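As structure tokens, the structure follows; a few thoughts come after it.
Please treat every number below as a calculation from the coordinates, not as lab data. Everything numeric in this text was worked out from a predicted model, so none of it was measured. Cβ: placed from backbone, ideal geometry, glycine included. Neighbour counts: every protein chain shown.
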Amino acid sequence: MLKAGLLPSPVINALSSNLGSSKNKIDTQTFVEAKSDTPSVRIYFTVDGTKPSPFQPFKTGVVSTYLYRGAFRLGPGRRVVKAVAVTTDGLRESHVTTKYFDVNDMYSESYVEQPDENIYVEHSFVEMDRSPERTPPPKKQKKPRTHTVHHRSSSASQPKNDSGRTPWDDSVNVEGSIEGPISAVNYAGTQINIWGTPGGNLTEGLMSIGDPNRNPNYGYMTEQMLQRLQPARNLPVAPPEPPRITDVTHEENFWDRKTKPYSPANGDLEKTLEHIILNTYNYLTDDEELAGLFAWKKFGQIESARLIENAGNYQIVTTLRKHPDDRTIPKDPTPVPKPPKRIRTPPPRERIPIPTRKPETPPPSPPPPSPTRPGISTHEDQHEPRFYTEESVQQGTLVPFAEFNVERDCDNLQKAMKGLGTDENMLIHILGNRSNDQRLQIRDKYKTMFGQDLIKDIKGDTSGNFNKILTNLLYSPVEYDCHELRRAVKGIGTDEEALIEILASRSNKRLKAINENYQTLFNRALEKDIVGDTSGYLKKLLVALSQGKRPESNDVNQDEAENDAKTLFEAGEKKWGTDESKFLEILCNRSNAHLKGVFEAYRQFSKKDIEDAIKSETSGNIRKGLLAIVRVMRNRPGYFAYQLKKALKGIGTDEDELNRVVISRCEVDMVQIKEEYETLMKRTLEKHVESDTSGDYRKILLELLKDPTKRTEKAGNEKYENVELPGYKQPEIYKEDIIQQGTMKAAPNFDAGRDADALRKAMKGFGTDEKTLIAILGNRNTAQRLEIKATFKSKLGRDLVNDLKSETSGNFSKLLEHLMMDPVELDCFELKQAVKGLGTDDETLIEILASRSNDRLKAIGETYVKMYSKALEKDVKSDTSGEFRHLLVSLLQGRRPETVEGNVAEAQQDAQAFIDAGEAKFGTDESKFNVLFCARSDAQMRAIFNEYAKLTGKSIEETVKSETSGDIQKGILAIIRCVRSRPHFFAEQMRKSMKGLGTKESTLNRIVITRSEIDLVQIKEAYNRLFNRELERDVSSETSGEYKALLLALLKDPSLRSG
């Protein structure tokens, strides 16, 4: 019920043109106005003394409550006008305002003495005073009256709407009849004698009214009404005057706008949303029950929204926040059963137009009384299939694989099971991401290609629950149901739960197909097996359901529904004992729509819901069967959610039940089932499955339950695939001189001589001014530092590097020394240190050779010979071996192709070759890896990574880690990470250099110096995203003194550097 008293009451006034007249003594030409000081409210009123009912239907001659749209006139007699203000959301209302009017017919011989004005406010809708008897007023000689004309400003006349009526007509005219208390223009378009003119000559009367000289009460309102009256049919009227100007403007009510069949689809978001909102409003106004559910909920902000495109319709799924203290529910003393949850997606096979409201057209005459029950739809529900079939997909979690290739899938499945060991991940990826139709194609093609039965191969290479679910996935839905039914009756004991679930929830079409296939598969009749393994009323129930002959109609007869409800009540609660045969007769032989009507009508005879009645009147398996029918009819997804709850609840898990529901519903309505499950259990189905299962069985279940939107995302492991960074774009062809965003930039107002003098002064004499060294060398780019070095030599005749070495020590000295090197010289120096002496620093070799461009690698080779009089390749070969040596030597050549686009067909071949060299082979052919990773461009490599993820469902990094080890694994992973994102690669390298005991300063120095002018800003961002840590903070905690200060100066954001 609305909350009364929360709004100010509206005010009712007569707009009399005679300023000296009484406010409650008016004539038939006086307009009455209702207004409220509160903005954005609607005013509803009555004129017969009855209480206003804001939610009453608006039908001519039936309902006395009107929505106030503008001033109105009253018929002669004593009138009681009552009004109430209601907010647009329907949650608050005012008290009722009442005002009495004595309305005199100024053209009649009668006159009524009018009582004093009386206004009062009622505080309840429960007791309403009825309007007084409308007795004819006593005859009295009409007194002459005078009329004062009030002049008003003018504006343009109102345009006509689609129906030929002006907006003023719609806002002022109030529905009524000649006998009613309101005089107006009726919907038939004929003019009513609203003027009360004497005599029967309507033409004469109208002419006299339109003449100011003949009508003493001719005034502004009369003038305006005459202009706006619709043309009378076959009636002579006075010629219309030229359009007068009025200051009355009309603003169209948003909710009265007409909707078009489709939204404009022209990029106009506002028009599109207007179309959706108006259609939603129209739909809700036609469904009182659903409208009530909406009106009493406290909806918060939208948390998520998505648009799903199906074959013949769109589905908008919106999640709104619920108010934590939401308790605004209807306080109806009569308990109302919870309506069945609507299935969200209409069937793509049939489109039903959404009805629209047309307030400007005359309503049709009321139809004759219908035999159907009010409130029960006799037409197809737009949200449910007309007749349920499993093919009427609502929203499954498993969708057809977009890039399905049956031969490729068969080949990969055969390789996954070939030889020693089994690649379970490949089985999960393929069978967990292909629709049933695609899986059946794979099953048939596998036998054609390899002459082997795929089901038998899977049974031979897997075991336990993982084996069961993979086997069941290779059956058609009908075959799977047949196998489950056979399992339920085979051997000792009977699985009544399986029999009840399948037979109570399947469509007529499916049940008939099950009977035929059961006979074909097992050479025996399903009905015979049921009869042989069950007894009593359960046997009768199952046999009746197995026939698949439930009526398929959406028509509901009110009387029949009530009679069936009464029969159930008398056979159960009203009777000593229970007549189960009546329950079977009705629940097994009535249509879905009819049973819903029966369940609703049952409340007329009992205080219990039908489910509670069944629980109290039956027991054992017959109770389970009857409850299953009721729950399926009311809410099929809710029923399966309840079945999953039973399968996962308590100690142990019913894997057969779990498999059956997940496999049979994952392509039908699993999205809705997951929603129902979360509502029922207050936790997601995936979390419950994850906690109650394990191993590969858990993986395949979660794959089948995966949200369909996630199946369209990029394949592979997000840990490796997600390398997006704000402001960073991976270069099509990598070059070191393509600067993304370095931390170091050229210092403004640079003067090499001044800096050289300052450095000399900082190192001259006793002690060293380290702050000056850091301030200068930590804020100059490479070119400026090299210029300082040359100026220091020419101007002061000293070697700057030697002075720095002699005046500093430790890591600080090494970092300063490296800062004074050219980038190519630094790489050569680092490579020489990696192969010098005993042992080899493989990490340094891998980092430099895998991350540098072709041009830089060629420059390194030439400079290395100049610096050390020895070829780099020779040093690398002498210090490494095996496939790792081959990989490094291949990289050293700097001959990787530099193309900007990848070839998808070649990428698919390379991805398959990678599978053949690794996962599909006993052992690993690393030589194939070298060819793939050293002879393909970056663009082509990314295409290979993408195709590999599509083929296997995992990232290529995962396979490299499982198929290789040692230095060759590190080298290949470094190439992959550099191709994906160099900032991520260097961020990982820096984390390794500081993780654990001690810090590898050479790696830290090398990366900071070489990347400070290229992409160190992106490296810092990647570091934060990968490890949720700030790079500067880690550097600060792992280093100390001037060494730390210089590193932090190099890492400083460019915006923080002073001139």
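Numbers below:
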item	result
Simple spin-label estimate for L91 and R1029 in nanometres, 7 Å along Cα-Cβ	4.9
Pairwise label distance in nanometres, N802 with I738, each label 7 Å out on the Cα-Cβ vector	4.3
Segment 406-474 - Debye-derived log10 I(q)/I(0), Cα point model, q = 0.18 Å⁻¹	-0.58
Segment 487-573: projected area of the alpha-carbon convex hull, averaged over directions, in nm²	7.1
Spin-label zone in segment 596-639 - amide nitrogen under 19 Å from a point set 7 Å from the Cα of K574 along the C-beta vector	597-618
Value in Å of the Kirkwood radius, where segment 896-971 supplies the Cα pairs that are averaged	12.5
Whichever lysines have a C-alpha closer than 25 Å to that of K35, once near sequence neighbours (fewer than 8 apart) are set aside	K3, K23, K25, K51, K59, K82, K99
Gain upon complete extension [D707, M867; 0.36 nm per residue less C-alpha separation]	51.7 nm
Full-extension gain in nm, S616 to I492, via 0.36 nm per residue minus C-alpha separation	41.6 nm
Most to least packed among 267-275, 556-564 [average Cβ atoms within 10 Å]	556-564, 267-275
K832 versus E552: modelled label distance in nm, points set 7 Å from Cα along the beta carbon direction	8.6
Globularity index of segment 872-1006, i.e. its alpha-carbon radius of gyration over 2.2 N^0.38 Å	1.10
For segment 823-894, alpha-carbon Rg over 2.2 N^0.38 Å	0.97
Estimated FRET transfer efficiency when R0 is 30 angstrom, pair L440-V904 (beta carbons, to 0.05)	0.60
Extension gain, R257 back to Q604 (0.36 nm per residue minus Cα-Cα distance, nm)	121.0 nm
Lysine pairs in segment 636-708 with Cα atoms under 17 Å, if 8 or more residues apart or on separate chains	14
Descending principal axes extents, segment 569-609, alpha-carbon based, whole Å	30, 22, 10
For segment 636-708, the Rg and Dmax computed from alpha carbons only, in angstrom	10.8, 31
FRET efficiency estimate (nearest 0.05) - Cβ-Cβ, A544 to W296, R0 41 angstrom	0.55
FRET efficiency, L997 to E309 (Cβ-Cβ, R0 45 Å, nearest 0.05)	0.20
Loop sites in segment 569-614: chymotrypsin sites (Phe, Trp or Tyr not before Pro), DSSP, at most 15 other Cβ within 10 Å	W576
Paramagnetic reach from K745 in segment 1021-1059 [backbone N under 14 Å; point 7 Å along Cα→Cβ]	1052-1059
Within segment 896-971: Cβ-based charge dipole about Cα centre, in debye rounded to nearest 20 (Lys, Arg +1; Asp, Glu -1)	100
